[in-house]
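What follows is a set of notes on a single structure, which appears directly below.
The values are calculated or read from the model by the stated rules, or taken from the named source; none is laboratory data. This structure is a prediction, so every number in the text was calculated from the model and none was measured. Heads up, the Cβs are rebuilt from the backbone with ideal geometry, glycines too, and the neighbour counts pull from every protein chain shown.
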């Protein structure tokens with residue numbers, strides 16, 4: 001079954017970022033793409049910094065083909081904004097979504113959920129060095 005993805009392309013045609021799947025509403029996706037394209041044009045310092053958003057249908061998320069600056073990637077995030085919690089969530093390069101939950105594990109660390117593009121969810125916590133440690137669900141609560 002085809003899903004709708006918001007795909008960001010660089011000026012050279014490389015894929016810089018891919019959103020999580022949207023609902024089957026192409027019109028909604030195109031509205032977000034239009035807003036992001038307008039903002040990307042305003043933010044661009046040169047032609048090399050222009051990213052173009054396109055709504056596309058695929059069975060699986062397209063693969064990111066180019067590395068971009070983390071600050072630029074942050075500007076391309078749309079899943080968190082579209083879901084209404086931009087301060088607690090981050091889009092991962094290939095369509096995954098990382099959400100900082102309000103729950104804490106047995107040691108008092110905040111729990112993070114990572115939802116893969118295919119719908120699988122993994123849970124983890126960050127250690128004192130900022131490294132994400134994936135945990136089994138039963139070890140968290």
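Laid out as a table, the results:
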| quantity | calculated |
| --- | --- |
| Filter pass, residue 111 being surrounded by 13 or more Cβ atoms within 10 Å (Cβ to Cβ), modelled with pLDDT of 75 or more, more than 15 Å from the chain's Cα centre (by Cα) and in a strand (DSSP E or B) | yes |
| Complete set of residues in region 114-127 that are modelled with pLDDT under 80 and surrounded by fewer than 16 Cβ atoms within 10 Å (Cβ to Cβ) | 116, 118, 119, 120 |
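This table checks each residue for (1) outside the structural domain of residue 120 (by TED's automatic domain parsing); (2) more than 16 Å from residue 76 (Cα to Cα); (3) modelled with pLDDT of 85 or more.
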{"site": "24", "(1), (2), (3)": "yes, yes, no"}
{"site": "35", "(1), (2), (3)": "yes, no, no"}
{"site": "42", "(1), (2), (3)": "yes, no, no"}
{"site": "53", "(1), (2), (3)": "yes, no, yes"}
{"site": "63", "(1), (2), (3)": "yes, no, yes"}
